[in-house]
Amino acid sequence: MLIGEYRHSIDAKGRVSFPSKLREDLGDSFIITKGLDICLFVYRMSEWDKLVEQTASLPISKARAIQRFIFAGAVCVEPDKQGRVLIPQALRDYAQLPGEVAVVGVSNRAEIWDAARWDKSNAELTSELVAS
């Protein structure tokens, strides 16, 4: 299970240190793609395979937009010896990741957010809102 919140900065080459706890759960290589809410989704390969199967089972009229959004910009990454992964410029642009990021575990995937946007999004969540 992917859990926790971690803060890191994107370096000048577009790399971010991926938390070791999340790397252990994600494996030697994993997928980064566009996510909802202007963030990036990070999937371990087994979860990615499930997503592929789920979208393939939908009628093409419903699946095509989802497939284009999720699969077209997806990349398979392998952390380097320092635990850094390169986030391609197109994905950094999509998620508006200029510097500090929040890498968060959300059960079956991780998400990469601009840290300020993550803080704002979390400030809007209350226990009452979640419970409703």
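The values are calculated or read from the model by the stated rules, or taken from the named source; none is laboratory data. Keep in mind that what you see is a predicted model, and the values were worked out from it rather than measured. Please note: Cβ atoms are built from the backbone with ideal geometry, for glycine as well, and neighbour counts cover all protein chains shown. Keep in mind that these areas ignore ligands, DNA and RNA; they rest on the heavy atoms of the full protein, side chains included. Shrake-Rupley method; radii C 1.70, N 1.55, O 1.52, S 1.80 Å.
Okay, residues lined up against (1) modelled with pLDDT of 95 or more; (2) more than 25 Å from Asp119 (Cβ to Cβ):
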| position | (1), (2) |
| --- | --- |
| Gly35 | yes, no |
| Cys39 | yes, no |
| Tyr43 | yes, no |
| Asp49 | yes, yes |
| Ala56 | no, yes |
| Ile60 | no, yes |
| Arg84 | yes, no |
**OP:** Tell me which of these Ala116 doesn't satisfy, since it passes every other one: (1) farther than 19 Å from Arg23 by Cβ; (2) in contact with a strand residue (DSSP E or B) (Cβ under 8 Å, 6 or more places away or on another chain); (3) in a loop (DSSP other than H, G, I, E, B); (4) open to solvent by less than 80 Å² (accessible area, probe 1.4 Å).
**Re:** (3)
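Could you count how many residues in the range 103-113 are surrounded by 13 or more Cβ atoms within 10 Å (Cβ to Cβ) and of a type in the set (Gly, Ala, Ser)? Break it down stepwise before answering.
First, the residues of the range 103-113 that are surrounded by 13 or more Cβ atoms within 10 Å (Cβ to Cβ): 103-106, 108-113.
From the residues that got through so far, the ones that are of a type in the set (Gly, Ala, Ser) too are 105, 110.
Looking only at that region, the number is 2.
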**OP:** Return the residue satisfying two criteria in turn: it lies in the range 62-102 and is free of Cβ contacts under 8 Å to residues at least 24 places away in the same chain and open to solvent by 80 Å² or more (accessible area, probe 1.4 Å), and of such residues it is nearest to Glu24 (Cα to Cα).
**Re:** Lys81
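Being out of contact with any Cys (no Cβ under 9 Å at 6 or more places or on another chain), open to solvent by less than 10 Å² (accessible area, probe 1.4 Å) and either at positive phi or assigned to a strand (DSSP E or B) (or both) is the filter here; which residues of the range 26-40 pass it? Please lay out each step first, then the result.
Of the range 26-40, the ones out of contact with any Cys (no Cβ under 9 Å at 6 or more places or on another chain) are 26-28, 33-40.
The next check asks that each one be open to solvent by less than 10 Å² (accessible area, probe 1.4 Å); those that pass are 26, 33, 35, 39-40.
Answer for the range 26-40, where residues must be out of contact with any Cys (no Cβ under 9 Å at 6 or more places or on another chain), open to solvent by less than 10 Å² (accessible area, probe 1.4 Å) and either at positive phi or assigned to a strand (DSSP E or B) (or both): Thr33, Leu40.
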